[in-house]
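The values are calculated or read from the model by the stated rules, or taken from the named source; none is laboratory data. Predicted model, so just to flag it, every value in this text is computed and none were measured. As a convention, Cβ positions derive from the backbone with ideal geometry for all residues, glycine included, and neighbour counts pool all protein chains shown. In case anyone asks, the SASA skips ligands and DNA or RNA and just uses the protein heavy atoms, side chains included. Shrake-Rupley method; radii C 1.70, N 1.55, O 1.52, S 1.80 Å.
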Amino acid sequence: MAAEKTFYLETFGCQMNAHDSEKVIGTLIEQGYRQVESEIEAGLILYNTCSIRDKAEQKVFHRLNDYKRLFKEGKRFAVLGCVAQQEGEKIFDRAPYVSLVSGSASYRKLPEMLARLESGEERITGLDDRQTEETFETEFTARQSPYRAYITIVEGCDKFCSYCVVPYTRGKERSRSSSSVLAEARRIVDQGYTEIQLLGQNVNSYRDPEGKCSFAELLATVGQVEGIRRVRFTTSHPRDFTRDIVEAIDQTPTLCDHVHLPVQSGSARILKAMAREYTPEWYLERIAWLKAARRPISLSTDIIVGFPGETAEDFIATMNLLAEVEYDGVFAFKYSPRPNTPALTMIETVPDEDKTQRLHVLLDRQREIQKINYSRQIGGVLEVMVEGLNPARGQIVGRSSQNKPVNFTWPHAIAPAPGSYLRVKITEAFPNSLAGEAV
Ligand code: SAH
Ligand code: SF4
Ligand code: F3S
């Protein structure tokens, strides 16, 4: 009898990577593998890597080095994701016990690559330097969340922001057909999900290859699928953020009251150097549309501090934008030079201490803004979808349509199931969450 095929997979990075892993796991299971909980038990160890910041590739190499000893026990290794695509065959040189290196644009070939691995081949690559026009579609998705189902609708990126690796690691921008997206949305509902999150590095750059609908129309159509209660989408790019998206939100109650719209900087000069292709005014016009929506839309963003050439005035412009928009959430990062990117050749003018200081100033200010924003919800009743339990505090954990975490008490002995919806009266607010009681 052949030995049982087992695998262990660990995922780093963004939601698209997390969802890719769900599809990779589904593919492995389909190929007769069983998922196990640790490297020790697994015959095949896979790392789905991220390369967005902070010498990510070095971290992957350190990690692989730690597992050299496991290789001696006959285990095989695969490096997937953005570091795999970025470093390519160099991974075999630095970690010779790795057998498979594949970027996300080659996952549709995984069954074939796995067969070669099983036949004992040692250096298998799935690398794609922005050639492929195809998307990774599979019916074997091992969804890891009991309450939220992801659908990637756009893969890759063609924006080439000057600091970013994604166009090099995830390939050319390509969209799935709207009929395939809708078919998947219907299958997801049949499986019992009521919340769908549509994904893309620039989700709103969606262009239906069948030419049937725009992004806003796709949103509305998915939102109207029988049985769907919540539709989220991330990440939107300001450049492609059109007014009909706000109209779709206005007209479709299932589209959630939250838009993540990364601005990166409040300075026109820095935005230009970043090649973001919009000005602060252009961005703020889109924010004004969102603020004029019929329902209050929660806003969140990403910001980079310390980009090459960022002066104290540029940073103040970012702080002013923060005060003007009053976001409910901000992901802020210190600029980190990345391989292959145009910004790598720009002279870094902001010392690391200043980057750290700007990051702290920004996050402190944002905390104050969020305290005020979140406290506005006290006294209100929100529809919350249950995500799980916080046994330490004896509370149920859930999320509002605005994507705010809500911790609440529940009067009954048996806890509500993840994915169920409850009405919660908000009694307390914190800078990053709300608390209350089920009514
Ligand atoms: N496609 C999305 C998100 C890209 S990655 C967008 O365009 O908004 C997520 C975030 O990581 C980015 O929004 C940016 O704020 C940050 N990021 C990307 N590259 C970075 C770098 N080289 N240094 C620091 N932060 C970076
Ligand atoms: Fe990176 Fe810019 Fe593409 Fe976002 S839009 S993934 S920041 S290149
Ligand atoms: Fe990281 Fe690649 Fe996502 S670099 S953030 S895993 S697109």
Next item on the list: Answer yes or no as to whether GLU139 is of a type outside the set (A, V, I, L, M), open to solvent by 90 Å² or more (accessible area, probe 1.4 Å) and not assigned by TED's automatic domain parsing to the domain that holds ILE151.
Entry: yes
Margin query: Taking the conditions exactly as written (part of a helix (DSSP H, G or I), under 30 Å from LYS172 (Cβ atoms) and modelled with pLDDT under 95), does PHE61 satisfy them or not?
Written below: yes
Next item on the list: Go through (1) in contact with a strand residue (DSSP E or B) (Cβ under 9 Å, 6 or more places away or on another chain); (2) buried (at least 22 other Cβ atoms within 10 Å of the Cβ); (3) on the phi < 0 side of the Ramachandran plot one by one and return the number of the condition SER51 breaks.
Entry: (1)
Next item on the list: From (1) under 21 Å from PHE215 (Cα atoms); (2) in contact with a helix residue (DSSP H, G or I) (Cβ under 8 Å, 6 or more places away or on another chain), pick out the condition that doesn't hold for ARG230.
Entry: (2)
Note to self: For the range 86-127, give me the residue count where each residue is outside any helix (DSSP H, G or I), buried (at least 21 other Cβ atoms within 10 Å of the Cβ) and either under 22 Å from the mean Cα position of the chain (by Cα) or not small (Gly, Ala, Ser) (or both).
What the structure shows: 5
Margin query: Testing VAL203 on (1) closer than 23 Å to LYS23 by Cα; (2) open to solvent by 10 Å² or more (accessible area, probe 1.4 Å); (3) free of Cβ contacts under 8 Å to residues at least 60 places away in the same chain, one condition comes back false. Which one is that?
Written below: (2)
Checklist line | Positions within the range 209-244 being in a loop (DSSP other than H, G, I, E, B) and open to solvent by 20 Å² or more (accessible area, probe 1.4 Å), in sequence order | finding: PRO209, GLU210, GLY211, LYS212, CYS213, SER214, GLN224, GLU226, GLY227, ARG229, THR235, THR242
Checklist line | All positions within the range 158-208 that are part of a helix (DSSP H, G or I) and either within 16 Å of ligand 1 (Cβ to nearest atom) or aromatic (Phe, Trp, Tyr) (or both) | finding: VAL166, PRO167, TYR168, THR169, VAL203, ASN204, SER205
Note to self: If the requirement is being of a type in the set (Asp, Glu), touching a Ser or Thr at 6+ places or on another chain (Cβ under 9 Å) and open to solvent by less than 30 Å² (accessible area, probe 1.4 Å), which of these qualifies: GLU39, GLU57?
What the structure shows: GLU57
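Conditions (1) open to solvent by 30 Å² or more (accessible area, probe 1.4 Å); (2) more than 30 Å from PHE307 (Cβ to Cβ); (3) within 16 Å of ligand 3 (Cβ to nearest atom), marked per residue:
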position: ILE151; (1), (2), (3): no, yes, no
position: PHE160; (1), (2), (3): yes, no, yes
position: VAL165; (1), (2), (3): no, no, yes
position: LYS172; (1), (2), (3): yes, no, yes
position: SER177; (1), (2), (3): no, yes, no
position: SER180; (1), (2), (3): no, yes, no
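Which ones in the range 65-85 are closer than 30 Å to CYS164 by Cα and crowded, with 20+ Cβ neighbours inside 10 Å? Walk me through how you get there before you give the answer.
Step one: filter the range 65-85 for residues closer than 30 Å to CYS164 by Cα, giving 65-67, 77-85.
PHE77, ALA78, VAL79, LEU80, GLY81, CYS82, VAL83, ALA84, GLN85 - these are the residues of the range 65-85 that are closer than 30 Å to CYS164 by Cα and crowded, with 20+ Cβ neighbours inside 10 Å.
Quick check on GLU226: is it of a type outside the set (Ser, Thr, Tyr) and farther than 20 Å from THR132 by Cα? Spell out how you get there, then give the answer.
Values: of a type outside the set (Ser, Thr, Tyr): yes; farther than 20 Å from THR132 by Cα: yes.
In short, yes.
Restricting attention to the range 143-157, does a residue exist that is more than 16 Å from ligand 2 (Cβ to nearest atom), among the aliphatic types (A, V, I, L, M) and touching a Phe, Trp or Tyr at 6+ places or on another chain (Cβ under 6 Å)?
Of the residues in the range 143-157, the ones more than 16 Å from ligand 2 (Cβ to nearest atom) are 143-151.
Filter once more, so that each one left must be among the aliphatic types (A, V, I, L, M): 149, 151.
Now drop any that are not touching a Phe, Trp or Tyr at 6+ places or on another chain (Cβ under 6 Å), which leaves 149.
Yes, the range 143-157 contains at least one residue that is more than 16 Å from ligand 2 (Cβ to nearest atom), among the aliphatic types (A, V, I, L, M) and touching a Phe, Trp or Tyr at 6+ places or on another chain (Cβ under 6 Å).
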Next item on the list: Those residues that are among the hydroxyl-bearing types (Ser, Thr, Tyr) and open to solvent by less than 40 Å² (accessible area, probe 1.4 Å), I need them from the range 384-420; list them, please.
Entry: SER400, SER401, SER420
Check: Does any residue in the range 269-290 that is without any contact (Cβ under 8 Å) to a residue 40 or more places away in the chain come within less than 9 Å, Cβ to Cβ, of a residue that is part of a loop (DSSP other than H, G, I, E, B) and within 12 Å of ligand 1 (Cβ to nearest atom) six or more places away or on a different chain, and which pairs are these?
Finding: LEU271/VAL263; LEU271/SER265; LEU271/GLU277; LEU271/TYR278; ILE287/LEU261; ILE287/VAL263
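Take the residues in the range 245-263 that are in a loop (DSSP other than H, G, I, E, B) and within 15 Å of ligand 1 (Cβ to nearest atom); name whichever of them is surrounded by the most Cβ atoms within 10 Å (Cβ to Cβ).
If we filter the range 245-263 for residues that are in a loop (DSSP other than H, G, I, E, B), which is where we start, we get 252-254, 256-257, 261-263.
Remaining after also requiring within 15 Å of ligand 1 (Cβ to nearest atom): 261-263.
Details: LEU261: 21, PRO262: 20, VAL263: 25.
Top of the filtered list is VAL263.
Scan the range 10-32 residue by residue and report those that are open to solvent by 20 Å² or more (accessible area, probe 1.4 Å), more than 14 Å from ligand 1 (Cβ to nearest atom) and either in contact with a helix residue (DSSP H, G or I) (Cβ under 9 Å, 6 or more places away or on another chain) or outside any helix (DSSP H, G or I) (or both).
Of all residues in the range 10-32, those open to solvent by 20 Å² or more (accessible area, probe 1.4 Å) come to 10-15, 18, 29-32.
So of that shortlist, the ones also more than 14 Å from ligand 1 (Cβ to nearest atom) come out as 10-11, 29-32.
Residues satisfying the conditions are GLU10, THR11, GLU30, GLN31, GLY32.
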